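Everything below concerns the one structure shown next.
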Amino acid sequence: MARGSSALPLVLLALAALFVAPAFVPSPAPRAAPEASTAALVAGAALPLLTAQPAMAEDYMMPPSWPFLVVFAGGAFLLLGAGNFIFPGEKK
């Protein structure tokens, strides 16, 4: 029994091409970039100097990260070690 051909895939392909094709067409005329004003350039250059320092930035001590690493690595080692003792696998 032969399968009948359907026009649905061709219609869907044509519809997809209709929406995708404009993405590959170049613009009709190149546009010049807008000229930046002097005030905008000065404001952009001065902005890093005007930003405030975050609150408590100078006297905040971040806790060291090595205890967290030790606890995480130790927990993973104990978990995998316990798994090997509970499920030792086949002995040869």
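What follows draws every value from the coordinates through simple rules; no lab data is involved. Here the structure is a predicted model, which is why all the values come from computation and not from measurement. Positions of Cβ are generated from backbone atoms using ideal geometry, with glycine treated the same way; all protein chains shown enter the neighbour counts.
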Derived scalar couplings ³J(HN,Hα) [segment 5-15; Karplus, 6.51 cos²θ - 1.76 cosθ + 1.60; whole Hz; x for Gly, Pro]: 7, 10, 8, 4, x, 5, 5, 5, 5, 5, 5
Ordering of 31-44, 70-83 by burial proxy (mean other Cβ atoms within 10 Å per residue, highest first): 70-83, 31-44
For segment 7-86, the spread of Cα positions along each principal axis, largest first, Å: 68, 59, 16
